[in-house]
Amino acid sequence: MPNPSDPTQNGSNGVPSIASAAVFAASSQVPKGTELIRGYDFDNGVDYNALLNSYATTGFQAASFNRAVEIINHMRAWRLSDEPINENDQGDDLDMEHRKTVRCKVFLGYTSNLVSCGVREIIKYLVKNKMVDVVVATAGGVEEDFIKCLAPTYVGKFNNKGSELRSKGLNRIGNLI
């Protein structure tokens, strides 16, 4: 006959009691307002705005990407006129028409690996279309930009042997050749 106080014996569900106690702990209620994870429903067609908005409830890095998009959209839409005039404002900052022209200054900082890959074209688009005000690049970022101007970069494999590539006059950055 099974002994219910013996943790090595199986419970009524066939799972050893010790395993059941370790794994099946009582769950707390999820805080009210917590988003339910759900992905985009492609059965409704492809709507790129809705697809990107669905990242908020996709989880992992998609949720962080969505939050970054929300912050960027807020920065791009913000004007000083959105804020009430306070006692520290002076000069033109007291004029409502002037306040409508004062916007958030957007800094774009990046590391060299972003230039090496296809993100270089995104950076170019953002700068060309005046979507950023200040670019902060590392020396490596400038160097990689020069390298991209000299020759194209190709998708390789992470497991390509660096010594073999070098013997062929090829350089590698991760899976880029």
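The values are calculated or read from the model by the stated rules, or taken from the named source; none is laboratory data. Only a predicted model underlies this, so the values are computations on that prediction, with no experimental measurement involved. Glycine gets a Cβ as well: all are built from the backbone with ideal geometry, and neighbour counts include every protein chain shown. Surface accessibility is based on the protein's heavy atoms, side chains included, excluding ligands, DNA and RNA. Shrake-Rupley method; radii C 1.70, N 1.55, O 1.52, S 1.80 Å.
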Q. Are any residues in the range 74-106 exposed (fewer than 13 other Cβ atoms within 10 Å of the Cβ) and either among the small types (Gly, Ala, Ser) or closer than 27 Å to residue 176 by Cα (or both), and if so, which ones?
A. 77, 91
**Q.** Residues within the range 47-73 that are open to solvent by 70 Å² or more (accessible area, probe 1.4 Å), in a helix (DSSP H, G or I) and not basic (Lys, Arg), tallied
**A.** 11
(Q) Suppose the filter is of a type outside the set (Ser, Thr, Tyr) and at pLDDT below 90; does residue 84 pass it? (A) no
Q | Residues that are modelled with pLDDT under 90 and polar (S, T, N, Q), drawn from the range 146-174 | A | 153, 171
Q: Six or more apart or on different chains, Cβ under 7 Å: which pairs go from a residue in the range 89-109 that's assigned to a loop (DSSP other than H, G, I, E, B) to one that's surrounded by 12 or more Cβ atoms within 10 Å (Cβ to Cβ) and aromatic (Phe, Trp, Tyr)? Could you list them?
A: 104/78
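Each row is one residue, and each column tells you yes or no for (1) farther than 28 Å from residue 132 by Cα; (2) modelled with pLDDT under 90; (3) out of contact with any strand residue (DSSP E or B) (no Cβ under 8 Å at 6 or more places or on another chain).
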position: 24; (1), (2), (3): yes, yes, yes
position: 28; (1), (2), (3): yes, yes, yes
position: 33; (1), (2), (3): yes, no, yes
position: 37; (1), (2), (3): yes, no, yes
position: 44; (1), (2), (3): yes, no, yes
position: 56; (1), (2), (3): no, no, yes
position: 65; (1), (2), (3): no, no, yes
position: 68; (1), (2), (3): no, no, yes
position: 98; (1), (2), (3): no, no, yes
Q.
Quick check on the range 131-139. Is at least one of its residues of a type in the set (Asp, Glu) and without any contact (Cβ under 8 Å) to a residue 24 or more places away in the chain?
A. no
